[in-house]
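Engineer: Sharing a structure with you now.
Values in this text are rule-based calculations from the coordinates and carry no lab data. In this text the structure is predicted, and so the values were computed from the model without any measurement. Here the Cβ positions follow ideal geometry from the backbone for every residue, glycine too, while neighbour counts run over all protein chains shown.
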Amino acid sequence: MSKYELISRYLVEFLSQEVRKTGLKKVVVGLSGGIDSAVVAVLAHRAFGDDLLCVKMPSHYSSASSLNDADELCNAFSLRSEIKSIEPMLRAYETSDMSPLRIGNLSARLRMVTLFDISAREGALVLGTSNKSELMLGYGTLYGDLASALNPIGDLYKTEVFDLARYLGVPESIISKPPSADLWEGQSDENEIGYPYSDLDRVLKRYVEERHTSEEMIESGENPELVGMIIKRIYQNQFKRRMPIIAKLTSRTLNHDFNYPRDITL
């Protein structure tokens, strides 16, 4: 059995067990036409079949190819889907002086507002699509694409997501295109971060998984600027990876010393 067969089996079981613990049976996924949401959608379809709903949420900044790629995935795997454009909401708030970053963050949050509302309509849980590379670097919008009820790929680096996508049979049009959150015209993940994911993941794995120091990595030939950027972003963005910190005033404070397992039974 291959590595990615084992991973896919585990993640399908993870999704099935964690969703059903809540008493729900359905899930929703925001389908962007990118590789992360494609992988999550295919895994969720294996776990839930037609109890998965994929939601495509384009705006006036979305590329036509993104919708086409999302449609191709839905057709290839017979995924139940609907389109809910965020363009009216975005245009209602957008002003001419908004930076691409503000537009991108607003777009991500409007999509998640839409997705959570649809999840309430469906009686479903929202699945996250952020990979480990993005989570470690803080490359995501708080209460936007980082929001979800559970995330099956949050412990897979981006390069591993590509490998899993190939194993799952995700269409080549999605695998081969440059990664992009499609938040504004011409936006590219790797151009925005400044390095390809192959370099980012190599250094992230050495620092996070193998516990190499920055000095050890630089001495072995890693780019000092790349190493410094990654370590700085890991620590600067810790707040995005945890629940809001509550000031402790009582003897039992949430997320301090009132931490029961989520699947505890009464």
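Engineer: Packing-wise, with mean Cβ within 10 Å as the measure, how do 233-243, 164-174, 27-37 rank, highest first? Write out the running numbers ahead of the final one.
Structural biologist: Values: 233-243: 12.7, 164-174: 16.7, 27-37: 24.8.
Ranking, from highest mean packing down: 27-37, 164-174, 233-243.
Engineer: Below 8 Å between Cα atoms, with a sequence gap of 6+, how large is the relative contact order for the chain in percent? Kindly include the intermediate steps, with their values, before the conclusion.
Structural biologist: On the way: 360 pairs, mean separation 49.9, N = 266.
This gives 19 percent for the chain.
Engineer: For I246 and A92, FRET efficiency with R0 = 45 Å and r from the beta-carbon atoms, rounded to 0.05? List each step's numbers first, then the result.
Structural biologist: Numbers: r = 34 Å, r/R0 = 0.75.
With R0 = 45 Å, the Cβ-Cβ based efficiency is 0.85.
Engineer: Please name whichever of S99, A149, G33 sits farthest to the positive end of the charge dipole of region 3-241, dipole taken about the Cα centre and charges placed at Cβ: Lys and Arg +1, Asp and Glu -1.
Structural biologist: Going by the Cα projections, it comes out as A149.
Engineer: How would F116, F48 line up from fewest to most surrounding beta-carbon atoms within 10 angstrom?
Structural biologist: Details: F116 17, F48 20.
Least crowded to most crowded, the residues run F116, F48.
Engineer: Another question, then. By the gyration tensor of its Cα atoms, with a ≥ b ≥ c the square roots of the eigenvalues, what is the shape of region 10-147: rounded for a/c under 1.5, prolate for a/b over b/c, or oblate? Don't skip to the answer; put the middle values down first.
Structural biologist: Details: a/c = 1.73, a/b = 1.56, b/c = 1.11.
Because a/c hits 1.5 or more and a/b exceeds b/c, region 10-147 counts as prolate.
Engineer: How do 102-111, 126-135 rank on mean C-beta neighbours within 10 Å, highest first? Spell out each step's value before the answer.
Structural biologist: Details: 102-111: 20.7, 126-135: 24.2.
My ranking of the peptides, most packed first, is 126-135, 102-111.
Engineer: Could you tell me whether the chain comes out rounded, prolate or oblate from its Cα gyration tensor? Rule is a ≥ b ≥ c as square roots of the eigenvalues, rounded for a/c under 1.5, then prolate if a/b exceeds b/c, otherwise oblate. Write out the running numbers ahead of the final one.
Structural biologist: Details: a/c = 1.23, a/b = 1.10, b/c = 1.11.
Rounded is the answer for the chain, as its axis ratio a/c remains below 1.5.
Engineer: Can you tell me the dipole magnitude for region 28-153 around its Cα centre, using point charges on the Cβ only (Lys, Arg +1; Asp, Glu -1), in Debye to the nearest 20?
Structural biologist: On the way: 10 positive and 14 negative charges, 40 e Å.
For this selection, approximately 200 debye.
Engineer: Using just the helices of the chain, give the 222 nm mean residue ellipticity in deg cm²/dmol: DSSP H runs with n ≥ 4 each add -39,500 (n - 2.57), and the total is spread over all residues, rounded to 500. Present the calculation step by step, with values, prior to reporting the outcome.
Structural biologist: Values: 12 runs with 131 residues, N = 266.
Using -39500 (n - 2.57) per qualifying helix, the result is -15000 deg cm²/dmol.
Engineer: Of L73, S85, Q17, whose Cα points farthest to the positive end of the dipole of the chain (charges on the beta-carbon: +1 Lys, Arg; -1 Asp, Glu; origin at the Cα centre)?
Structural biologist: It is Q17.
Engineer: Among 208-217, 69-78, what's the highest-first ranking by average C-beta atoms within 10 angstrom per residue?
Structural biologist: Numbers: 208-217: 13.2, 69-78: 17.9.
Result, highest mean Cβ count within 10 Å first: 69-78, 208-217.
Engineer: A 18 angstrom limit on the alpha carbon distance is what I want to check against. Which of K132/K232; K205/K232; K3/K240; K3/K25; K84/K177; K3/K158 exceed it? Let's see the in-between values first.
Structural biologist: On the way: K132/K232 16 Å; K205/K232 15 Å; K3/K240 30 Å; K3/K25 28 Å; K84/K177 24 Å; K3/K158 16 Å.
Result: K3/K240; K3/K25; K84/K177 exceed 18 Å.
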